[in-house]
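Derivation of every value follows stated rules applied to the coordinates shown; laboratory data play no part. Bear in mind that the values here come from a model prediction, so they are computed numbers and not experimental data. We place every Cβ from the backbone using ideal geometry, glycine too, and count neighbours over all the protein chains shown.
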């Protein structure tokens, strides 16, 4: 979300949960494309669902490489390539999202923290 002045006659379309007007700049896998222009009232997950990239991943048509072991950690076995999302994203083989709720284990809290740090990398790239 990037703060902006609301376009004329836009009503509450660009008004977001942080109580300001914004436009969504959506990052896509390895920065192979950008989705710019969704109203600020749209969540990242909603923009993803409506994007060509999101639809193709959710329908298994994107051509994501097959699961493979990590270069320096083959003992984990084959792992999928993933999009890192927030809690609003759907569960999917190629989407990694945090554990929901408050009653999660300490291990799950650590996972959520580290996943949040991974998301910040792409957000800060802009």
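Here are a few things to note about the model shown:
- Test for residue 51: is it in contact with a strand residue (DSSP E or B) (Cβ under 6 Å, 6 or more places away or on another chain), under 23 Å from residue 22 (Cα atoms), in contact (Cβ under 8 Å) with a residue 60 or more places away in the chain and surrounded by 13 or more Cβ atoms within 10 Å (Cβ to Cβ): no
- Against the criterion of being surrounded by 12 or more Cβ atoms within 10 Å (Cβ to Cβ), within 16 Å of the chain's Cα centre (by Cα), free of Cβ contacts under 8 Å to residues at least 40 places away in the same chain and not in a loop (DSSP other than H, G, I, E, B), residue 56 qualifies.
- Matching residues, the stretch 59-93, being under 21 Å from residue 123 (Cα atoms), part of a loop (DSSP other than H, G, I, E, B) and in contact with a strand residue (DSSP E or B) (Cβ under 6 Å, 6 or more places away or on another chain): 82, 85, 89
- The set of residues from the stretch 95-112 being over 15 Å from the mean Cα position of the chain (by Cα) and assigned to a helix (DSSP H, G or I) comprises 106, 107, 108, 109, 110, 111.
- Residue match in the stretch 102-118 (condition: touching a strand residue (DSSP E or B) at 6+ places or on another chain (Cβ under 8 Å) and within 24 Å of residue 36 (Cβ to Cβ)): yes
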